[in-house]
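K.L.:
Take a look at this one; I'll ask things after.
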Amino acid sequence: MVKTLCMLEEKRVMMTPHMLDAIQGLGDIEVNRVDWPGPADMEAAAIHRLLETDGPNVFDVPEDVAKYPDTEIAFTNWCPVSAGTIRSLKKLKMVGIIRAGLDNIDVEECTKQGVLVVNANGHNANAVSDFVVGMILAELRNIGRLHHNMRNRIFATPRDQSNIHEMEYLTLGLIGFGPIARLVARKVSGFNMKVIAYDPWYPQEKADTYGLGVQMVDLDTLLTTADVVDMHMRLAPATEKMIGEREFGLMKKSAFFINAARSGMVDTDAMIRTLQEKRIAGAALDVYDEEPLELSSPLYDLENVTLTPHRAGVSYESTSHSPHFCIQRMLGVIDNNSRDCVVNPEVLDTPEFQAWREDVKKRLGR
């Protein structure tokens with residue numbers, strides 16, 4: 001039998017049954033649980049923002065963690081796994097996190113202590129890709145603004161219909177060609193939309209293996225060609241503010257800009273100026289430099305922008321499936337050394353971890 005610890009949040013009880021159900025999929029285990037209340041004066045969203053900005057060590061070790069020093073596998077969503085938590089779980093060998101983000105995990109300390117971290121990267125790819133297609137439609141067909149007019153008892157259509165388009169006649173440019181972007185490409189193919197993409201990690205021959213008919217191009221060609229530019233890169237030093245004044249200047253005046261990825265890849269001031277001066281047709285945004293979006297932001301005053309509050313990845317299915325998604329990746333590691341969603345593979349390669357993996361595989365009855 002393997003001792004596991006399910007680290008739950010009192011302020012996000014909707015996830016509790018899904019996590020407790022999913023962890024049973026590991027096999028012959030003893031499940032202990034910690035229900036972390038978090039600071040009494042902070043709502044869950046504020047706790048999450050603090051973890052994103054300051055990391056897991058900003059919070060004390062949940063006091064009940066020390067009751068389970070023999071834990072070998074920990075399972076968490078937003079509950080912080082700080083350096084102190086890792087050191088208090090003296091037999092810990094694997095942490096599963098049911099999100100793609102790692103803000104609440106001290107990965108460096110995990111690696112130092114020989115603890116493998118497995119996340120759920122891609123668990124909400126379907127939800128995000130659905131939302132992005134909706135954002136594209138909202139902009140091309142002016143849906144959000146028409147709805148706003150109707151709610152204000154205005155039964156009218158814009159006089160200028162030059163920026164109202166059918167997808168079949170347009171080209172979508174994907175900046176990034178990872179799992180979410182590929183799902184978007186597949187879904188818009190049903191609208192007969194042409195798709196091009198830029199991603200230095202995906203040469204044409206690799207992109208062709210997905211059978212989506214996507215043409216890989218350089219970034220400048222994408223920006224000058226696409227009618228809809230859609231962000232799907234990961235935020236990293238190399239991609240920070242990769243879309244700025246110059247890049248917006250390359251886009252067609254009739255083009256739309258979509259971002260449900262990360263705002264840090266975009267120079268927000270340059271984007272706002274571009275939209276204010278109507279140098280592109282419009283934008284649909286789900287992510288912002290500061291969240292919630294400051295009430296003083298000029299974005300609220302722009303008529304050519306559709307704004308949503310960072311909800312692209314949220315659906316009932318992504319919430320209920322993500323714990324199971326993560327557990328399956330953890331089992332992949334245990335069963336056959338899979339590296340899918342492994343955050344620190346250098347731990348996987350150590351003799352110590354491999355010895356534990358072989359032992360725990362037997363104890364789980366696999």
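The values are calculated or read from the model by the stated rules, or taken from the named source; none is laboratory data. Remember, it's a predicted structure, so these values are computed and weren't measured experimentally. Cβ: placed from backbone, ideal geometry, glycine included. Neighbour counts: every protein chain shown. Protein only, heavy atoms only, side chains kept; ligands, DNA and RNA dropped before computing areas. Shrake-Rupley method; radii C 1.70, N 1.55, O 1.52, S 1.80 Å.
K.L.:
Would it be correct to say that A74 is under 23 Å from the mean Cα position of the chain (by Cα) and either part of a helix (DSSP H, G or I) or surrounded by 18 or more Cβ atoms within 10 Å (Cβ to Cβ) (or both)?
P.N.:
yes
K.L.:
Hey, among the residues in the range 1-33 that are touching a residue at least 60 places away in the same chain (Cβ under 8 Å), assigned to a strand (DSSP E or B) and of a type in the set (D, E, K, R), which one's most open to solvent (accessible area, probe 1.4 Å)?
P.N.:
K3
Per-residue answers, yes or no, for (1) in contact with a helix residue (DSSP H, G or I) (Cβ under 8 Å, 6 or more places away or on another chain); (2) touching a residue at least 40 places away in the same chain (Cβ under 8 Å); (3) among the acidic types (D, E):
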position: A284; (1), (2), (3): yes, yes, no
position: Y288; (1), (2), (3): yes, no, no
position: L295; (1), (2), (3): no, no, no
position: V305; (1), (2), (3): yes, no, no
position: A312; (1), (2), (3): yes, yes, no
position: I327; (1), (2), (3): yes, yes, no
position: W356; (1), (2), (3): no, yes, no
position: K361; (1), (2), (3): yes, no, no
position: R366; (1), (2), (3): yes, yes, no
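Conditions tested, residue by residue: (1) open to solvent by 10 Å² or more (accessible area, probe 1.4 Å); (2) over 17 Å from G178 (Cβ atoms).
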site	(1), (2)
L223	no, yes
V229	no, no
R234	yes, no
L250	yes, yes
K253	yes, yes
R279	yes, yes
E294	yes, yes
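K.L.:
Now, a different point. Could you look through the range 217-234, keep only residues that are under 23 Å from the mean Cα position of the chain (by Cα) and of a type outside the set (D, E), and pick out the one that is modelled with the lowest pLDDT?
P.N.:
R234
K.L.:
Regarding L285, is this residue out of contact with any His (no Cβ under 9 Å at 6 or more places or on another chain) and buried (at least 19 other Cβ atoms within 10 Å of the Cβ)?
P.N.:
Yes.
K.L.:
If you check T268 against the conditions, is it over 25 Å from Q161 (Cα atoms), among the hydroxyl-bearing types (S, T, Y) and surrounded by 18 or more Cβ atoms within 10 Å (Cβ to Cβ)?
P.N.:
yes
K.L.:
Kindly indicate whether R279 is touching a helix residue (DSSP H, G or I) at 6+ places or on another chain (Cβ under 7 Å), of a type in the set (K, R) and farther than 23 Å from A100 by Cβ.
P.N.:
Yes: the conditions hold for R279.
K.L.:
What's the total number of residues in the range 78-96 that are among the polar types (S, T, N, Q) and open to solvent by less than 10 Å² (accessible area, probe 1.4 Å)? Step through it out loud before you land on a result.
P.N.:
Step one: filter the range 78-96 for residues among the polar types (S, T, N, Q), giving 82, 85, 88.
Still in the running and open to solvent by less than 10 Å² (accessible area, probe 1.4 Å): 82, 85.
Selection size over the range 78-96: 2.
K.L.:
Could you please find all residues in the range 45-61 being among the β-branched types (V, I, T), in contact with a helix residue (DSSP H, G or I) (Cβ under 7 Å, 6 or more places away or on another chain) and surrounded by fewer than 18 Cβ atoms within 10 Å (Cβ to Cβ)?
P.N.:
If we filter the range 45-61 for residues that are among the β-branched types (V, I, T), which is where we start, we get 47, 53, 58, 61.
The next check asks that each one be in contact with a helix residue (DSSP H, G or I) (Cβ under 7 Å, 6 or more places away or on another chain); those that pass are 58, 61.
Result: V58, single match.
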